[in-house]
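Novice: Take a look at this one; I'll ask things after.
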Amino acid sequence: MKIFELDRARLKKWAEQRIPAHAKAEVGVGCTVRGSAAVITEERAPWDGVGEWTSRRVARLRRTDEGWRVDGADRNGRWYPCDHLPVVPSLDEALTVLDDPRHAFWGWPHLWSERVGLARFRAQG
């Protein structure tokens, strides 16, 4: 099933709001919609300021007759089905799945920094 224009606009807005203003010169979130699939990417500026930005596939959201399915990307950018995740009825629920740190769509450094922060908080208390 094709992704509606309203959902396309919501995906674009979601991607734009993911990164705080002070970090947008270094990192971004992209979203490309084609047919029934939306590909979410993490965009990074070159570390030395020279060259082009790099892009890493994070997830693919697919609109089907049953609802929204979420696929992950391996380190080579190939898609694999996330069979352990349920099909969700709305785009908002699919985006919530991406934000859940238990599913690690944004990578281990994201989870690692949260764990280190939590460990420091517990050590102080």
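Novice: Hey, can you tell me all the residues within region 50-68 that are surrounded by fewer than 20 Cβ atoms within 10 Å (Cβ to Cβ) and either part of a loop (DSSP other than H, G, I, E, B) or in contact with a Pro (Cβ under 8 Å, 6 or more places away or on another chain) (or both)?
Specialist: Val50, Gly51, Glu52, Trp53, Thr54, Thr64, Asp65, Glu66, Gly67
Novice: Only one of (1) over 14 Å from the mean Cα position of the chain (by Cα); (2) at pLDDT 95 or above; (3) closer than 14 Å to Phe105 by Cα is not met by Trp68, so which one is it?
Specialist: (3)
Novice: With the condition kept exactly as written, say whether any residue in region 72-89 is under 14 Å from the mean Cα position of the chain (by Cα), modelled with pLDDT of 90 or more, surrounded by 14 or more Cβ atoms within 10 Å (Cβ to Cβ) and among the β-branched types (Val, Ile, Thr).
Specialist: no
Novice: Residue under question is Lys24, and the condition is that it be of a type in the set (D, E, K, R) and closer than 25 Å to Trp68 by Cβ; does it hold? Explain how you work it out, then say what you get.
Specialist: Details: of a type in the set (D, E, K, R): yes; closer than 25 Å to Trp68 by Cβ: no.
No; evaluated as a whole, the condition is false for this residue.
Novice: Follow-up. Quick one: Arg34 ticks every box in (1) among the charged types (D, E, K, R); (2) free of Cβ contacts under 8 Å to residues at least 12 places away in the same chain; (3) within 21 Å of Lys2 (Cβ to Cβ); (4) open to solvent by less than 90 Å² (accessible area, probe 1.4 Å) except a single one, so which number is it?
Specialist: Tallying (1) among the charged types (D, E, K, R); (2) free of Cβ contacts under 8 Å to residues at least 12 places away in the same chain; (3) within 21 Å of Lys2 (Cβ to Cβ); (4) open to solvent by less than 90 Å² (accessible area, probe 1.4 Å), Arg34 fails exactly one: (4).
Novice: Against the definition (modelled with pLDDT of 90 or more, open to solvent by less than 100 Å² (accessible area, probe 1.4 Å) and out of contact with any strand residue (DSSP E or B) (no Cβ under 7 Å at 6 or more places or on another chain)), how does Asp7 come out, yes or no? Break it down stepwise before answering.
Specialist: Values: modelled with pLDDT of 90 or more: yes; open to solvent by less than 100 Å² (accessible area, probe 1.4 Å): yes; out of contact with any strand residue (DSSP E or B) (no Cβ under 7 Å at 6 or more places or on another chain): yes.
For Asp7, the condition - modelled with pLDDT of 90 or more, open to solvent by less than 100 Å² (accessible area, probe 1.4 Å) and out of contact with any strand residue (DSSP E or B) (no Cβ under 7 Å at 6 or more places or on another chain) - is met.
The values are calculated or read from the model by the stated rules, or taken from the named source; none is laboratory data. Please read all numbers here as calculations on a predicted model, not as lab measurements. Methodologically, a virtual Cβ is constructed for each residue, glycine included, from the backbone with ideal geometry; neighbour enumeration extends over all protein chains shown. Note: areas computed on protein heavy atoms with side chains; ligands, DNA, RNA excluded. Shrake-Rupley method; radii C 1.70, N 1.55, O 1.52, S 1.80 Å.
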